[in-house]
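The values are calculated or read from the model by the stated rules, or taken from the named source; none is laboratory data. Since this is a predicted model, take the numbers as computed values, not measurements. So basically every Cβ, Gly included, is an ideal-geometry build from the backbone, and we count neighbours across all protein chains shown.
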Amino acid sequence: MDVLAEDSIIGSAVAEQLGEIHIAIQRFSATAAGLLPRAPDGTWWAQFTTGIGEIGANIVRHAHPPGSNSGGICLRLRLYTDRVEARFTDDGIPYVAPGRPTDLPDSDALDLSEGGYGLMIARAALDRLQYRRASGGVNVWRLLKRLPG
């Protein structure tokens with residue numbers, strides 16, 4: 001399937017990455033709105049942006065902790081006729097899946113402490129979320145959100 005639009009950011013200053021990610025998403029969504037016959041609504045973009053933000057924050061926090069000697073983060077956004085994809089790559093510490101899925105407390109005891117829910121939020125906001133450790137020690141996160149209609 002042909003790519004209708006693409007945008008990328010590559011940065012070496014990990015601490016500044018989240019701001020750059022949001023700017024890239026805004027630029028990309030404006031481009032997408034002009035190319036699609038039926039642009040996604042604000043809720044759709046909020047979900048996609050939330051997924052990207054959660055994964056981006058996890059990469060900054062866990063793969064590139066303060067004092068690590070890893071390089072920067074690359075984000076590539078691609079628009080297709082039926083979906084939008086984001087791909088993060090970085091050379092930080094690899095993600096290690098927990099031994100079992102995170103259990104949510106029942107609603108009566110819901111105490112959302114800071115942290116620990118990012119992947120769960122991203123999975124709920126996106127249609128697909130994949131991680132792999134590629135050769136050469138590169139983390140690759142693929143995020144996919146299908147376009148409405």
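Got a number for residues in segment 24-79 being within 26 Å of D2 (Cα to Cα), of a type in the set (V, I, T) and within 14 Å of the chain's Cα centre (by Cα)?
6
Working only within segment 2-22, note down all residues that are modelled with pLDDT under 70 and part of a helix (DSSP H, G or I).
Passing the criteria: V14, A15, E16, Q17.
Taking the condition surrounded by fewer than 15 Cβ atoms within 10 Å (Cβ to Cβ), at pLDDT 85 or above, basic (K, R) and closer than 20 Å to I52 by Cβ, does R132 pass?
yes
Taking into account only those residues within segment 36-49 that are within 18 Å of I121 (Cα to Cα) and surrounded by fewer than 16 Cβ atoms within 10 Å (Cβ to Cβ), which is modelled with the lowest pLDDT?
G42
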